[in-house]
1. Here's a check for you: in segment 201-223, which residue that is crowded, with 16+ Cβ neighbours inside 10 Å, touching a strand residue (DSSP E or B) at 6+ places or on another chain (Cβ under 7 Å) and of a type in the set (A, V, I, L, M, F, W, C) is farthest from GLN396 (Cα to Cα)?
2. Could you tell me how many of the residues in segment 115-138 are more than 22 Å from the chain's Cα centre (by Cα) and surrounded by 21 or more Cβ atoms within 10 Å (Cβ to Cβ)?
3. In segment 359-445, which helices (runs of 4 or more DSSP H) lie fully inside it and hold 2 or more residues that are within 30 Å of LEU32 (Cα to Cα) and open to solvent by 40 Å² or more (accessible area, probe 1.4 Å)?
4. So which residues in segment 290-312 are away from the ligand (no atom under 16 Å from the Cβ), in contact with a Leu (Cβ under 6 Å, 6 or more places away or on another chain) and part of a helix (DSSP H, G or I)?
5. Does ARG322 satisfy being part of a helix (DSSP H, G or I), more than 30 Å from TYR81 (Cβ to Cβ), open to solvent by 20 Å² or more (accessible area, probe 1.4 Å) and not assigned by TED's automatic domain parsing to the domain that holds TYR99?
6. Of all residues in segment 260-274, count the ones that are away from the ligand (no atom under 14 Å from the Cβ) and either closer than 25 Å to GLY343 by Cβ or at pLDDT below 95 (or both).
7. Report yes if some residue within segment 329-343 is more than 11 Å from the ligand (Cβ to nearest atom), part of a helix (DSSP H, G or I) and in contact with a helix residue (DSSP H, G or I) (Cβ under 9 Å, 6 or more places away or on another chain); otherwise report no.
8. Here is a list: THR63, THR33, THR25. Which entry is open to solvent by less than 40 Å² (accessible area, probe 1.4 Å) and either over 30 Å from ALA391 (Cα atoms) or modelled with pLDDT of 90 or more (or both)?
Amino acid sequence: MARLVVISNRVAMPERGGASVGGLTMALAAALTRYEGVWFGWSGEVAPTFTGVPHMKQTDGVTVATIDLEEQDVQEYYNGYANTVLWPLFHYRIDLTHYERLFGKGYARVNCRFAETVRPLLQPDDIIWVHDYHLIPLARELRRMGCRNRIGFFLHIPWPAPQLLTTLPRHSDLVSSLFDYDLVGFQTADWLAAFQGYVVDEAGGEVLDDGAVRAFGRSIRAAAFPIGIDAQNFTEIVRSPEAQRSYDRAAATGVFRDMIVGVDRIDYSKGLEERFLAIEELLESHPDLVEKVFLLQIAQTSRGDVEAYQDIRAKLDAVTGRINGAYATVDWSPIRYVNRSYGRDALAGLYRAAKVGLVTPLRDGMNLVGKEYVAAQNPEDPGVLVLSRFAGAATQMGEALIVNPYSREDVADAIARGLDMPKAERIRRWESLFHGVQTQDAAWWRDAFVAALHQLPETSADL
Ligand code: ADP
């Protein structure tokens with residue numbers, strides 16, 4: 001069987017006894033073990049000068065190869081082009097997109113460094129799977145070095161509407177570099193359609209019935225592969241002692257009160273401020289719920305080096321302070337805003353203790369939190385998922401209460417409806433959602449992508 005080489009910005013191979021890792025990491029790690037794979041990426045460390053020599057390690061039959069980057073690389077490629085240009089733009093926030101030529105140069109340089117370092121590790125029949133927006137031009141660099149392997153790319157975040165993408169300087173160069181892959185995967189049919197829209201309207205290309213996309217003198221395959229969670233593992237950890245402890249603690253503090261839960265990285269795409277305002281609206285429009293419900297918002301700090309993230313933290317502190325100041329009583333406050341990260345076991349217990357899971361991003365490639373919330377529920381007395389229509393997950397999770405996160409009235413109404421929903425309806429909706437989460441899980445996603453890539457012939461086009 002061909003080896004699988006996974007390339008992503010960061011590498012997070014789980015280590016025995018190490019910190020808990022996310023479902024995606026577990027799924028990729030399992031695939032790599034199965035295919036005798038290699039996982040290549042940035043170590044997260046900074047070195048005074050780039051050496052081009054990877055650190056090699058074996059973990060559970062997987063070769064883990066990492067490189068250190070220079071400080072300038074981190075500033076221009078990671079904080080700059082990836083997180084100040086592509087992330088906001090692809091999440092429809094052109095107001096927060098700040099482009100500098102140096103960022104573009106740093107992005108190209110680091111992609112070149114990735115290619116140069118991984119190239120000697122590749123064998124002729126390896127299948128290469130590149131992940132996410134940090135590494136869009138990687139295949140082009142590898143092709144320049146003569147690599148003819150099958151190379152697939154999966155975008156974990158949304159693909160923006162063509163009208164937005166054209167605000168990016170050199171957008172055509174970026175998109176044309178995707179045509180050096182054999183297969184390009186998106187989370188949903190919507191993001192795929194936005195990509196195809198660009199290809200047809202901007203690049204003068206064409207989309208064929210069999211999923212082939214032609215432009216820039218090349219033909220590739222593009223399709224949607226919605227990502228899932230490791231549902232089986234999640235239903236197991238919800239029975240762990242740590243999950244039980246966090247469930248008991250949350251249930252004890254919530255006696256006679258219903259808990260609503262939100263779990264997110266602090267990011268402007270997650271709609272946290274709008275969510276807090278929806279809680280305020282809920283209390284205003286349903287005074288009977290005052291002192292009867294609270295939102296537990298677990299919010300982990302992320303990308304603290306990027307200015308927009310510092311701004312949003314200050315804003316969220318102010319909004320929660322104002323709402324709590326207006327409504328809190330001696331032993332109750334409407335929003336418990338907890339700035340830290342929790343292990344998966346503890347999170348599973350919190351999800352299970354919450355009557356409503358509140359997942360209201362303004363834009364999200366998929367969103368795994370909604371799927372985790374569903375997987376953690378008690379089948380005999382499940383909670384209700386309130387889900388933004390702008391999360392990729394909404395395309396698969398129609399039995400959730402689907403809301404417009406920009407409308408605080410809409411979100412408040414859905415929360416009130418969820419809190420009041422008869423048990424039979426909760427069970428019916430949950431069973432349908434859980435079936436989807438269980439069958440379209442992380443392994444299903446991974447196997448579908450790898451199989452689709454495997455079927456394609458090796459690259460024969462002129463390079
Ligand atoms: P994103 O990848 O944009 O952060 P997703 O919803 O796709 O959003 O994935 C988030 C993952 O990170 C989920 O697995 C979730 O459980 C985890 N996570 C988010 N916030 C926290 C937190 N505060 N503590 C622990 N895990 C978190």
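1. Only one residue fits best here, namely ALA203.
2. Let us first name the residues in segment 115-138 that are more than 22 Å from the chain's Cα centre (by Cα), namely 115-127.
Checking which are surrounded by 21 or more Cβ atoms within 10 Å (Cβ to Cβ) leaves us with 115, 118, 127.
Qualifying residue count, segment 115-138: 3.
3. On the way: elements: 369-375, 408-420, 423-439.
Those helices (runs of 4 or more DSSP H) span 423-439.
4. none
5. Numbers: part of a helix (DSSP H, G or I): yes; more than 30 Å from TYR81 (Cβ to Cβ): yes; open to solvent by 20 Å² or more (accessible area, probe 1.4 Å): yes; not assigned by TED's automatic domain parsing to the domain that holds TYR99: yes.
Against the criterion (part of a helix (DSSP H, G or I), more than 30 Å from TYR81 (Cβ to Cβ), open to solvent by 20 Å² or more (accessible area, probe 1.4 Å) and not assigned by TED's automatic domain parsing to the domain that holds TYR99), ARG322 qualifies.
6. So the first thing to find is which residues in segment 260-274 are away from the ligand (no atom under 14 Å from the Cβ), and the list is 260, 273-274.
Imposing the further condition that a residue be either closer than 25 Å to GLY343 by Cβ or at pLDDT below 95 (or both) reduces the set to 260.
Count: 1.
7. no
8. Details: THR33 fails: open to solvent by less than 40 Å² (accessible area, probe 1.4 Å); THR25 fails: either over 30 Å from ALA391 (Cα atoms) or modelled with pLDDT of 90 or more (or both).
Unique residue meeting the criteria: THR63.
The values are calculated or read from the model by the stated rules, or taken from the named source; none is laboratory data. Predicted model only: the values in this text are computed from it and were never measured. When we count neighbours, we look across all protein chains shown, and the Cβ atoms used for this are built from the backbone with ideal geometry, even at glycine. Heads up: the accessible areas ignore ligands, DNA and RNA and are worked out on the full protein's heavy atoms, side chains in. Shrake-Rupley method; radii C 1.70, N 1.55, O 1.52, S 1.80 Å.
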